[in-house]
1. Looking at the stretch 63-80, can you tell me whether even one residue there is under 19 Å from Met12 (Cβ atoms) and in a helix (DSSP H, G or I)?
2. Taking the options Ala53, Ala26, name whichever one is touching a helix residue (DSSP H, G or I) at 6+ places or on another chain (Cβ under 7 Å) and either surrounded by 13 or more Cβ atoms within 10 Å (Cβ to Cβ) or in a loop (DSSP other than H, G, I, E, B) (or both).
3. Confirm whether Gly11 is at positive phi, crowded, with 18+ Cβ neighbours inside 10 Å and either of a type in the set (Lys, Arg) or assigned to a strand (DSSP E or B) (or both).
4. Hey, any hits in the stretch 68-81 for a residue that's under 13 Å from Arg25 (Cα atoms) and either at pLDDT 95 or above or touching a Ser or Thr at 6+ places or on another chain (Cβ under 9 Å) (or both)?
5. State which residue pairs qualify: first residue closer than 22 Å to Ala3 by Cα and at pLDDT 95 or above and inside the stretch 23-42, second residue of a type in the set (Asp, Glu) and crowded, with 19+ Cβ neighbours inside 10 Å in any location, beta carbons under 6 Å apart, and separation of 6 or more residues or different chains.
Amino acid sequence: MKARVRVYISGMVQGVFFRYETKKRALRHGISGWVRNLEDGRVEALLEGETEAIEKMLNFCRKGPPGADVQNLDVETETWKGEFRDFTVKY
């Protein structure tokens, strides 16, 4: 089953390669979408893919890469659109 989620990750999540690792893992799991830093210090990601792959990505987002200290993960379920062909880092 296809799924689409918007994720907001809070804590020490910028300057620790969070976006790079998110992209690497998304591509590995066949997830499309994007990830970006927000001005308030959070990271936002929009993920589209199979439900099982999305769950794996959410598990990663709860911990983050080495050096990250994730304090909170907000997940908003959206309607799957098949909008993306790749996964990108937005600047």
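The values are calculated or read from the model by the stated rules, or taken from the named source; none is laboratory data. This structure is a prediction, so every number in the text was calculated from the model and none was measured. Heads up, the Cβs are rebuilt from the backbone with ideal geometry, glycines too, and the neighbour counts pull from every protein chain shown.
1. For the stretch 63-80, residues under 19 Å from Met12 (Cβ atoms) and in a helix (DSSP H, G or I): present.
2. Ala26
3. Judged against the criteria, Gly11 is not a match.
4. No, that holds for no residue.
5. Sorted first by the residue in the stretch 23-42, then by its partner, the pairs are Ser32/Glu48; Gly33/Glu48.
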